[in-house]
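In what follows, a single structure is set out as C-alpha cells and then discussed.
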Amino acid sequence: MRPFRSLTARLTVQFALLFAAAMVGASVTLSTVIAGAASRQAERELQSSAAVFEQLWQLKAAEIQERATLSIRNPVLRKGVANDDQLAIRAALQALSRRLGVESVLLVTADGKVVSSEGSLGRSDGANFLKPLQRGTRSGISVLSGRLRELVAVPIPGAMPARWIVTASDPVTSDIRGLERLSAVPLHATLLVRSNGRWSAAGRAMGLTAEAAQLAEAHARSGAFGLTLDGKPSRALAKSLPGFFGDGRAILLLAYPKASAVADAKTLQLILGLVTLVGLLLVGLATWRAAQRITQPLARLDDAAGRLAAGEHVQVRVRGEDELARLAGSFNAMVGKIAEREQRITQLAFNDTLTGLPNRTMFQQQLEHQFRSLEGGDRLFALHCLDLDQFKVVNDTLGHPAGDALLIEAAHRVRQAARGHFVARLGGDEFVVLQTVGDDRDAIDRLARDILGEITRPLSLEGNEIRPSTSIGIAIAPQDGRDGGTLLRSADLALYRAKEGGRGSYAFFEESLNERAQQRRQLETDLRLALERSELELFYQPLFDLEHNRICSFEALLRWRHPTRGLVLPAEFVHVAEDTGLIVPIGAWVIREASAEAISWPDHVRVAVNVSAVQFHRGPLNETIVHALAESGLPPARFEVEITESIFLDGGDTTLRLLHQLRSLGVRIALDDFGTGYSSLSYLQSFPFDKLKIDRSFIQNLLTRNGASAIVHAITELANALGIETTAEGVEETAQLMELRAHGCSSVQGYLFSEPMTASDVRKLFARGRGKLQNVA
C-alpha cells in the first residue's frame, strides 16, 4: 500500500502541515504585530519630537524677542539710528549680538536699507526683509547670505519712519542637536529650507536627495510616511515651519530607521522556528498513533455504509464510549430513521398536511388510474368537485385557526359521507371525490346528497355556532371528459353552475356549460375594453319627493353600448365585472361621471350611485368618492351611496368603518332592497342610514296581498321613528302611489313617473321646468 493512500499517513502529514502552517502564521502574525507596534511607536515619537521642536522654537523666538525689546532701548543705538550714523549703528548691533548670543543682528529701515552686525549684505538679501516685516512677520527660518538662519524681528518703538531689529541665529546647533538628544529613540533630524527654488539642509542630511525633499514637502500636512535615507528604509515625519521671506519654505524632517524598531522581532522569529521544528516531530508521532486508533473503527463503518447502500439492514458494533462509539451508535440510529423518513416523505408527497387527505399529486395519479381502468370496459366513474360556501367569511371574521378547524372538520365529514370512495383536498377549501359507478346511476345523486347533508350539520367554532354548506359540481367519465384535465374542467363548470343556483346544491355538467363559459370569457374580454373605448354610459331615473311634489334625486344606472350586442343591461355583465375585479375601475368611472353631471342640476337634487361589495373590499372607495367630489365641485350632501346588505356579509366591522368615514364627509348612505334580507333590522342598529329603499317585490303586491301592505306600513313606521327617509321602488300604478302616500312614504321611483333617461334628457327636463309631479293623484 502506498503511504499516502493510507488514512493514517494522510492524517499525520495533514496535522503536521497544519501545525507548521499555524506556527508560521503565528510567527508572521507576531512579527507583523511587533513591527506594526514599533512603527506606531516610532510615529508617536516622531510626532512628539516634532511638537517639542515647535514648542522649543517658539519659546526661543519669544525669549529673543523679549530680550531684544529690552536691549533696543540702548541710547547709543537710538542715537545712531536717529543720526543715521552707520558706524555707531553697527557697533551697537555687534554689542547687541553678543548680549543676545546670536550670530548677527540687523537693522531694517522702512526704505529697505539693512545694516548688519556682520558687515554688508547682498542687495537681494536686503530687499527681501521689508515686505514680511510690513505684513507683521516676526519669526521664521530662511536662508540669509547663503546660510540657514532662524530670524526674529522686533520693531523699534517710536521710530519714525519705522525700523526693525532682526536677529539671526543658527537653528542647527541650538535646536536640531538638542532635539535629537531629547528623543527616546535614535532620531535623525534635518531642517530643510527652500529658497529661490533650491533646497538647503541643516542637521543630519542623511543622504537627502531632491526627490526626498519633495516627498517631505508633499507630506508636510499629513501623517508619517515611508522614506529611504542613506539606502535604508525609515519612518519619517515632515512638519512645516514658518519661513520668513521670499518663496522660502521651512520643513522639519524627522526620521527613525525601521531596522532599529524591528530588531526584537528577528530574535523572536528564530525562537519560533526552533519551537516549530520540535513541535512538528511531536505532532507527527502523536498523530500517527491517534490515527491508527481511528482508522480501524472507521473501516468497519465504511463496510457497513456500503452494505446499507446496497439495501441491507446493517448494524455496527464498536466498543467504548468515545466519539467513534457514539458515531457507530448514530449510524445505527440513522439506519432506523432512514426507513421512517422514507415513509414520511412518501406520505408528505401524496397527502395534505392539514387534513391528512390525499393531495393534488395523489389525486392526479388516482385519476389517471381510473381512466386506465375504463379502457376496454363499460364502467363509469364520477368526479365530484366541491368547495365550501362562504369559507372566506369564516376565515376573515373568526381568524385562520377557525378556518383551519373548519377545513379539518369538512374533510372528516366528506370522508364519512363518501366512505369507500377516493377523497382528496386540492387546496384551499376545494375537495374532490372519485366515485366508481356500476349499473346504479342514481348512486351519484345519493352520494352528492349525502355529502351535502353531512356538511350542513351545525358546527361550533371559537364559541360561534355556524352551519357550513358546500356546492358540488359533478362530471362523469368518459362522456364529460376522456382525460383528467378535461374532466376536471367539466366538474369546475358544473360547480360554478351549482353556485349560481343558490349554493348548498349540486349540479351535473352539461355541454351547454362549455358554451356559456366561452361566452363568459368573450364577455369578460369585451368588458375590459369597454372603458377604453368609451362604450359605458349612465342613465338616470328620477325619484319624486311626495311631500314637496318635485324631483328630489336621480339614481345613476349603468348601461353598456356594445358594438355588436347593442344596449346591454347591468344584469348581464355586472356579475362578470365583480368576479374579475373590473367593477372597481368601472365603479370609479360611474362615481366620477355621476358627480360631474349632477353639479349642473338644481341645488336640491341629489344623485345616487349603487356600490357593490367588491368596491368596498378591493378598491379605495372613499378616496375615489372624495376625489370625484373635489373634481366636480359637487357638495357631499348631494351625493348618495346605495348599498345592499350583501356588503356586510364579507366583513361587517370593516364595512361599518368605511360607512362611518363616508358619513363624516357628509355623503348620504341608503340601504337598497330593504326587507329582503333576514338580518336587515340588525344593520339598522349598527349604522344610522339616511334612507331605506323598499324592495319592488313589496310594491308589486301592495294592492293584492294584505301582508305586503302591512310590511310596507311597518317599514315606513320604523323609518319615521328612526328619522330615516323611505323610497318605494318599482311604482307603476296610481293606486300604488296613493297607498304609499297613505303609509307615509317619503319618495317614490318607478315607470309611473319616468323611465331611466340619458343625461341630455335630464338637462332638457330641468330646462323646461318640469321638476314637479303633474297629473298624478
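The values are calculated or read from the model by the stated rules, or taken from the named source; none is laboratory data. These figures come from a predicted structure and were not determined experimentally. Counting neighbours? That spans all protein chains shown, and the Cβs are built from the backbone with ideal geometry, glycine included. Just the protein is used for accessible areas: all its heavy atoms, side chains included, with ligands, DNA and RNA removed. Shrake-Rupley method; radii C 1.70, N 1.55, O 1.52, S 1.80 Å.
Data for the structure
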| item | result |
| --- | --- |
| Pair list, Cβ < 6 Å and 6+ apart or interchain, from region 353-371 residues that are free of Cβ contacts under 8 Å to residues at least 60 places away in the same chain and over 11 Å from residue 432 (Cα atoms) to residues that are in a helix (DSSP H, G or I) and open to solvent by less than 60 Å² (accessible area, probe 1.4 Å) | 361/350 |
| Matching residues in region 536-568 - criterion: being surrounded by 17 or more Cβ atoms within 10 Å (Cβ to Cβ) and among the hydroxyl-bearing types (Ser, Thr, Tyr) | 540, 553 |
| Sole residue being under 24 Å from residue 489 (Cβ atoms) and charged (D, E, K, R), chosen from 396, 445, 404, 450 | 445 |
| Identity of the residue in region 718-775, over 29 Å from residue 706 (Cβ atoms), modelled with pLDDT under 90 and part of a loop (DSSP other than H, G, I, E, B), that ends up least open to solvent (accessible area, probe 1.4 Å) | 771 |
| Residue tally, condition touching a helix residue (DSSP H, G or I) at 6+ places or on another chain (Cβ under 9 Å) and either at pLDDT below 95 or more than 21 Å from residue 691 (Cβ to Cβ) (or both), over region 630-665 | 22 |
| Inter-residue pairs, beta-carbon under 7 Å, first in contact (Cβ under 8 Å) with a residue 12 or more places away in the chain and in region 404-420, second open to solvent by 40 Å² or more (accessible area, probe 1.4 Å) and assigned to a loop (DSSP other than H, G, I, E, B), 6+ apart | 404/354; 407/354; 408/354 |
| Hey, residue 537 in contact (Cβ under 8 Å) with a residue 60 or more places away in the chain and out of contact with any strand residue (DSSP E or B) (no Cβ under 7 Å at 6 or more places or on another chain) or not | no |
| Lone qualifier among 482, 446 - being open to solvent by 50 Å² or more (accessible area, probe 1.4 Å) and in a helix (DSSP H, G or I) | 446 |
| Residue within region 596-615 that is buried (at least 19 other Cβ atoms within 10 Å of the Cβ) and touching a Leu at 6+ places or on another chain (Cβ under 6 Å) present | yes |
| Set 116, 39, 97, 104: member being surrounded by 15 or more Cβ atoms within 10 Å (Cβ to Cβ) and at pLDDT below 75 | 39 |
| Where residue 499 falls short, out of the listed (1) more than 30 Å from residue 696 (Cβ to Cβ); (2) at pLDDT 80 or above; (3) basic (Lys, Arg) | (1) |
| Residue count for region 452-478, restricted to those that are open to solvent by 60 Å² or more (accessible area, probe 1.4 Å) and among the small types (Gly, Ala, Ser) | 2 |
| Subset of region 569-585 [surrounded by 22 or more Cβ atoms within 10 Å (Cβ to Cβ) and β-branched (Val, Ile, Thr)] | 583 |
| Flag if residue 530 is buried (at least 16 other Cβ atoms within 10 Å of the Cβ), small (Gly, Ala, Ser) and more than 23 Å from residue 669 (Cα to Cα) | yes |
| Residue match in region 539-551 (condition: in contact with a Ser or Thr (Cβ under 8 Å, 6 or more places away or on another chain), more than 21 Å from residue 430 (Cβ to Cβ) and of a type in the set (A, V, I, L, M)) | yes |
| Which numbered condition residue 246 fails, given (1) modelled with pLDDT under 70; (2) at negative phi | (2) |
| Region 371-400 - residue that is open to solvent by less than 30 Å² (accessible area, probe 1.4 Å) and in a loop (DSSP other than H, G, I, E, B) and, of those, modelled with the lowest pLDDT | 399 |
| Qualifying positions in region 693-709 - part of a helix (DSSP H, G or I), open to solvent by 60 Å² or more (accessible area, probe 1.4 Å) and over 20 Å from residue 555 (Cβ atoms) | 706 |
| Within region 404-437, considering residues that are closer than 17 Å to residue 367 by Cα and assigned to a loop (DSSP other than H, G, I, E, B), the one most open to solvent (accessible area, probe 1.4 Å) | 420 |
| Region 473-499 residues that are of a type in the set (Ser, Thr, Tyr), paired with ones that are in a helix (DSSP H, G or I) and open to solvent by less than 10 Å² (accessible area, probe 1.4 Å) (beta carbon under 6 Å, 6 or more apart) | none |
| Near pairs, Cβ below 8 angstrom, 6+ apart or cross-chain, from region 44-73 (under 17 Å from residue 224 (Cα atoms)) to any residue that is of a type in the set (Ser, Thr, Tyr) | 45/183; 45/256; 46/256; 49/183 |
| Residue that is modelled with the highest pLDDT [pool: residues in region 1-25 that are more than 21 Å from residue 297 (Cα to Cα) and open to solvent by less than 50 Å² (accessible area, probe 1.4 Å)] | 25 |
| Residue list for region 335-360, filter: part of a helix (DSSP H, G or I) and under 14 Å from residue 430 (Cα atoms) | 360 |
